[in-house]
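Engineer: Shown below is the structure under consideration.
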Amino acid sequence: MPKKRHSPEEIVAKLRQVDVMTSQGRTLAEAIRAIGVAEATYHRWRNEYGGLKLDQVRRLKELELENSRLRRAVSDLTLDKQILAEALRGNPTSPSRRRQKVEQVCAELGVSERRACQALGQPRSTQRRVLRKPDDEERLTAAITELATMYGRYGYRRITALLRQAGWVVNKKRVERIWRREGLKVPRKQPKKGRLWLSDGSCLRLRPERANHVWAYDFVQNRTHDGRKFRMLCVVDEFTREALAIRVDRKLSSAEVIETLAELMLERGVPEHIRSDNGPEFVAQAVRNWIAAVGSRTAYIEPGSPWENGYVESFNSKLRDELLHREIFYSLKEAQILIEGWRKHYNAVRPHSALRWTPPAPEVRLPTFRVWPARTLAHHAPTNYH
């Protein structure tokens, strides 16, 4: 039979019993046999509890329990400190990284998963959740990477719109997650320019209300590989954001401006207003008389205020970011072909943030050129898309 473990109260009671029996004339050996313990046990009890009363024994028991709790608390705090010190080396922020840290702490410190999750604030349901990677995760990652490589100035929102055009059924949050995981990033741009305000503080009242209401045009300059300059005349419909024309030549005078406008008006009709800056090609008397003769009106911005012509200035910045700063033009003919190809891509394929991520002229699906293939990611798109 297993030996009975006596409580402190029982030990004090038996010691009192021995004291009473010895006071009645019995020998100590007889009294020890009467309480049913060995002589060595009796002497050990006497050394530990001799002279203590019942309330003192109870208080001693409480102190021992409290001391045990304090030792356990100090041990837990020390363990928490070790766990946090081990986990903070990698600064885990996402649930997946915390999951990895919990596994690492369990392996290196030998603590349980429950203890590591409690110290790191990781729910055990999250820790034990089995990650299910979608079947098309690798193909989607390849598609996003290919688009980001092809269009270096596009962010994940515009990439999402292009993926949907290619047939993917994908949420922009999923694209953002893959975008961040792959370390993709859009280079920092210059700060945005001011809004359309006049120098006296009043707001410019001419606003595009419909297609062919306000056209805007401006010049952009660049160089071919041999160092020679060439100019581009960009014409934009401010309401639809469509790039109507980009004329490229070594020199563009007021005669070329009139010829470009005439070709566009024959194709699309005469706009009510044509907005431009005060460049010599635009303020030339021949251009002003010709525009007035066809029934349109000029809308010149304030001198030295390019932000008042914001629509075409924004278009020019996209032209520079997405094409001119990325391509080397070895001849004028090559520049004309590539720039015209980019214009068609801009109108028919490129999602525009101001148009709810749709192209300015999506119904005009024109053949694209070598640099911006319309087949983008078609081989990555799901085949079972309905």
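Engineer: Across region 316-360, what is the total count of residues that are of a type in the set (A, V, I, L, M, F, W, C) and under 21 Å from LEU162 (Cα atoms)?
Structural biologist: So the first thing to find is which residues in region 316-360 are of a type in the set (A, V, I, L, M, F, W, C), and the list is 319, 323-324, 328-329, 332, 335, 337-339, 342, 348-349, 354-355, 357.
Still in the list and also under 21 Å from LEU162 (Cα atoms): 319, 323, 338-339, 342, 348-349, 354-355, 357.
Looking only at that region, the number is 10.
Engineer: Would you check which residues across region 121-162 are in contact (Cβ under 8 Å) with a residue 60 or more places away in the chain and either more than 22 Å from LEU319 (Cα to Cα) or among the aliphatic types (A, V, I, L, M) (or both) and list them?
Structural biologist: Those that are in contact (Cβ under 8 Å) with a residue 60 or more places away in the chain and either more than 22 Å from LEU319 (Cα to Cα) or among the aliphatic types (A, V, I, L, M) (or both): ASP136, ARG139, LEU140, ALA142, ALA143, LEU147, MET150, ALA161, LEU162.
Engineer: How many residues, within region 280-311, are under 14 Å from TRP215 (Cα atoms) and either in contact (Cβ under 8 Å) with a residue 60 or more places away in the chain or buried (at least 17 other Cβ atoms within 10 Å of the Cβ) (or both)?
Structural biologist: 9
Engineer: Based on what the data block shows, is SER314 under 30 Å from HIS225 (Cα atoms) and among the small types (Gly, Ala, Ser)? So that I can check it myself, show each step before the final result.
Structural biologist: Numbers: under 30 Å from HIS225 (Cα atoms): yes; among the small types (Gly, Ala, Ser): yes.
For SER314, the condition - under 30 Å from HIS225 (Cα atoms) and among the small types (Gly, Ala, Ser) - is met.
Engineer: Look at MET21 and say whether it is modelled with pLDDT under 65 and of a type outside the set (Phe, Trp, Tyr). Explain how you work it out, then say what you get.
Structural biologist: Numbers: modelled with pLDDT under 65: no; of a type outside the set (Phe, Trp, Tyr): yes.
So MET21 does not fit the description; no.
Engineer: So, in region 263-279, of the ones that are outside any loop (DSSP other than H, G, I, E, B) and in contact (Cβ under 8 Å) with a residue 24 or more places away in the chain, which residue ends up surrounded by the most Cβ atoms within 10 Å (Cβ to Cβ)?
Structural biologist: Our first condition is that a residue be outside any loop (DSSP other than H, G, I, E, B); within region 263-279, this holds for 263-268, 273-276.
Adding the requirement that they be in contact (Cβ under 8 Å) with a residue 24 or more places away in the chain leaves 264-265, 268, 273-276.
Working: LEU264: 19, MET265: 17, ARG268: 14, HIS273: 17, ILE274: 20, ARG275: 26, SER276: 23.
The extreme case among them is ARG275.
Engineer: Which ones in region 257-286 are under 28 Å from PRO360 (Cα atoms) and either more than 46 Å from the chain's Cα centre (by Cα) or among the small types (Gly, Ala, Ser) (or both)?
Structural biologist: The initial filter retains those residues of region 257-286 that are under 28 Å from PRO360 (Cα atoms), namely 257-279, 281-282.
Selection gives ILE258, GLU259, ALA262, LEU266, GLY269, SER276, GLY279.
Engineer: Conditions first: (1) without any contact (Cβ under 8 Å) to a residue 12 or more places away in the chain; (2) farther than 23 Å from LEU355 by Cα. ASN171 passes all but one, so which condition is the exception?
Structural biologist: (2)
Engineer: Separate question: Which fully enclosed helices (runs of 4 or more DSSP H) of region 55-170 have 2 or more residues being within 30 Å of PRO187 (Cα to Cα) and at pLDDT 80 or above?
Structural biologist: Numbers: elements: 95-109, 113-120, 124-128, 137-150, 156-165.
Because the criterion is at least 2 residues that are within 30 Å of PRO187 (Cα to Cα) and at pLDDT 80 or above, the helices (runs of 4 or more DSSP H) in region 55-170 that meet it are 137-150, 156-165.
Engineer: Condition first: of a type outside the set (Gly, Ala, Ser), within 26 Å of ARG326 (Cα to Cα) and in contact (Cβ under 8 Å) with a residue 24 or more places away in the chain. Now tell me which residues in region 204-222 satisfy that. Step through it out loud before you land on a result.
Structural biologist: First, pick out the residues of region 204-222 that are of a type outside the set (Gly, Ala, Ser): 204-210, 212-215, 217-222.
With the extra rule that they be within 26 Å of ARG326 (Cα to Cα), the set shrinks to 217-222.
Passing the criteria: TYR217, ASP218, PHE219, VAL220, ASN222.
Engineer: Determine the pairs where a residue that is within 18 Å of LEU147 (Cβ to Cβ), located within region 316-330, has a partner that is open to solvent by 40 Å² or more (accessible area, probe 1.4 Å) and assigned to a loop (DSSP other than H, G, I, E, B) with Cβ atoms under 6 Å apart, the partner being 6 or more residues away or on another chain.
Structural biologist: ASP321/ARG153; GLU322/ARG153
Engineer: For residues that are assigned to a loop (DSSP other than H, G, I, E, B), crowded, with 20+ Cβ neighbours inside 10 Å and under 28 Å from the mean Cα position of the chain (by Cα), tally how many sit in region 312-348. Show your work before the answer.
Structural biologist: Initially, region 312-348 is screened for residues assigned to a loop (DSSP other than H, G, I, E, B), giving 325-331.
Cutting the leftovers down to crowded, with 20+ Cβ neighbours inside 10 Å gives us 329.
Cutting the leftovers down to under 28 Å from the mean Cα position of the chain (by Cα) gives us none.
The total comes to 0.
Engineer: If PHE282 satisfies every condition in (1) assigned to a strand (DSSP E or B); (2) modelled with pLDDT under 90 but one, which is the exception?
Structural biologist: Checking PHE282 against (1) assigned to a strand (DSSP E or B); (2) modelled with pLDDT under 90, the one that fails is (1).
Engineer: Still on this model: Inside region 102-111, can you point out the residues that are more than 13 Å from ARG128 (Cα to Cα) and either among the hydroxyl-bearing types (Ser, Thr, Tyr) or open to solvent by 30 Å² or more (accessible area, probe 1.4 Å) (or both)? Explain how you work it out, then say what you get.
Structural biologist: Here is the first cut: in region 102-111, the residues more than 13 Å from ARG128 (Cα to Cα) are 104-111.
If the condition is that a residue be more than 13 Å from ARG128 (Cα to Cα) and either among the hydroxyl-bearing types (Ser, Thr, Tyr) or open to solvent by 30 Å² or more (accessible area, probe 1.4 Å) (or both), then GLN104, CYS106, ALA107, GLU108, LEU109, GLY110 are the ones that fit.
The values are calculated or read from the model by the stated rules, or taken from the named source; none is laboratory data. No experiment lies behind these values; they were computed from the predicted model shown. All Cβ positions, even for glycine, are placed from backbone atoms using ideal geometry, and neighbour counts span all protein chains on display. Just the protein is used for accessible areas: all its heavy atoms, side chains included, with ligands, DNA and RNA removed. Shrake-Rupley method; radii C 1.70, N 1.55, O 1.52, S 1.80 Å.
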